[in-house]
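Report on one structure; see the data block that follows.
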Amino acid sequence: MNIRSLLLGSAAALAAASGAQAADAIVAAEPEPLQYVRICDAYGPGYFFIPGTETCLKVGGRVRTEGEWYDAYNANSKNGTLWHTRAELAVDTATDTEYGPLKTNTVIRWDWNDGNTTSTKLLWANISLGGFLVGKADSQYNSYMGYAGNVINDDVIYDGPKELNQLTYKYDAGNGFTAVISVEDSNSAGDTSSYGGAWQTGKGNHYAPDVVLGAGYKTGAWTLRVIGGYDSIVEEGAIKARVDADFGAFKAFLMGGWNTNGDKLNKYAGSYLNGNRAACPTNGADCGWGDWAFWTGASYQLTPKLQANAQVAYTESKIFAATANVAWRPVKDLLVQPEVSYTNWDAADRDQWAGVLRFERKF
């Protein structure tokens, strides 16, 4: 074998080995395209599509801390300063369907009170579709009417139950007319109380729900709403009527309530007071409305960042409550709100001054 033959053989061997290695080479797969979060603005700001789905998600909440001096709800409170801190986490979803948006609303609340008292609870959890809502939310007797005024101590004179399970239908004609009907759990009533047995908040073997009916009409600057609630355990109820005026910087409301039996408390004409919070000399009805109650309040936007609010309420049982505050928003989503309240319980010959300084950040 000469040198030329050796070189040719070596070249052929190298070519064959190179071909074999090329056949066995691993080719890297193409990278998966990145999935960027898509904004979902059909249901308002803050929603985005959950990747890989047609469901929109919104996450929000608030952090609040406030100092309180005495207690506007409690004639016997002489403890001075109370420091209260709260956090809430809200998760909302929405998906478009042939019947309209399918939505859920979930809110979890944590509280830390002076004296190392803590609490955690599911505030709201409900499903809504096509005007229907089912699950836990504030009573329509309160939420449909817009609650009370823009003050912290707005329900020293009770304006209705808050958190409870319900099946609700709301109708909106699109021309200013709305209506609501709600079947509400008779065994849940949020933070409401029953003083001296005058109001039974629930019975484990009770089969009948409570019922709420309401209607309203809005035209221009004016809104009129009427609502009634029937407590199936006490077998009494209450009716509220409210008129609102909105003139831009100035807003005001007047709301009146009538109790079907002024000698009794019921879920819709009740009280947040009890024997430990106010001196009711004869029975629980003295802590409630009596036959009637009214609330009136106003707000004025002093500057783009500063608003003044006030509310006054009075009952046939001679409970008087007045509150005023200023709401300062130095930057977006931050609230600083000092407030002062005065309550007088004529039947008990007691009164109380109270104050709050609140800081709240929403997100």
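The values are calculated or read from the model by the stated rules, or taken from the named source; none is laboratory data. If you're wondering where the values come from, they're calculated on a predicted model, not measured in any experiment. Backbone-built Cβ (ideal geometry, glycine too); neighbour counts: all protein chains shown. These accessible areas exclude ligands, DNA and RNA; they are computed on the full protein's heavy atoms, side chains included. Shrake-Rupley method; radii C 1.70, N 1.55, O 1.52, S 1.80 Å.
When the residues of the range 187-230 are filtered to those that are at pLDDT below 75 and of a type in the set (A, V, I, L, M, F, W, C), which remaining residue is surrounded by the fewest Cβ atoms within 10 Å (Cβ to Cβ)?
Per the criteria, the residue is Ala198.
Yes/no per residue for (1) open to solvent by 70 Å² or more (accessible area, probe 1.4 Å); (2) modelled with pLDDT under 95:
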{"residue": "Phe250", "(1), (2)": "yes, no"}
{"residue": "Leu254", "(1), (2)": "yes, no"}
{"residue": "Asn261", "(1), (2)": "no, yes"}
{"residue": "Leu265", "(1), (2)": "no, yes"}
{"residue": "Leu273", "(1), (2)": "no, yes"}
{"residue": "Pro281", "(1), (2)": "yes, yes"}
{"residue": "Trp289", "(1), (2)": "no, yes"}
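Suppose the filter is modelled with pLDDT of 95 or more and of a type in the set (D, E, K, R); does Lys240 pass it?
When the stated conditions are applied, Lys240 passes them.
Within the group Glu98, Glu88, Glu68, Glu163, which residue is touching a His at 6+ places or on another chain (Cβ under 8 Å) and among the acidic types (Asp, Glu)?
Glu68
Tell me yes or no: at least one residue of the range 83-104 is under 26 Å from Ala327 (Cα atoms), in a strand (DSSP E or B) and polar (S, T, N, Q). Steps first, please.
Going through the range 83-104, the residues under 26 Å from Ala327 (Cα atoms) turn out to be 83-90.
Filter once more, keeping what is in a strand (DSSP E or B): 83-90.
Filter once more, keeping what is polar (S, T, N, Q): 85.
Yes, the conditions are met somewhere in the range 83-104.
Given the conditions (1) assigned to a loop (DSSP other than H, G, I, E, B); (2) out of contact with any Gly (no Cβ under 7 Å at 6 or more places or on another chain); (3) modelled with pLDDT under 95; (4) hydrophobic (A, V, I, L, M, F, W, C), report the number of the one that Val331 does not fulfil.
Single failed check for Val331: (3).
How many residues are touching an Asp or Glu at 6+ places or on another chain (Cβ under 9 Å) and touching a residue at least 40 places away in the same chain (Cβ under 8 Å) when one looks only at the range 225-237?
So in the range 225-237, the residues touching an Asp or Glu at 6+ places or on another chain (Cβ under 9 Å) come out as 225, 229-233, 237.
Imposing the further condition that a residue be touching a residue at least 40 places away in the same chain (Cβ under 8 Å) reduces the set to 225, 229, 231-233.
Qualifying residue count, the range 225-237: 5.
From the list Asp111, Asp92, Asp71, pick out the single residue that is surrounded by 12 or more Cβ atoms within 10 Å (Cβ to Cβ), in contact with a Cys (Cβ under 9 Å, 6 or more places away or on another chain) and of a type in the set (Asp, Glu).
Answer to the selection: Asp92.
Cβ contacts < 6 Å: first residue farther than 14 Å from Leu254 by Cα and open to solvent by 70 Å² or more (accessible area, probe 1.4 Å), restricted to the range 302-319; second residue part of a strand (DSSP E or B) and not charged (D, E, K, R), any location; separation 6+ or different chain. Result?
Leu302/Ala308; Glu316/Trp292
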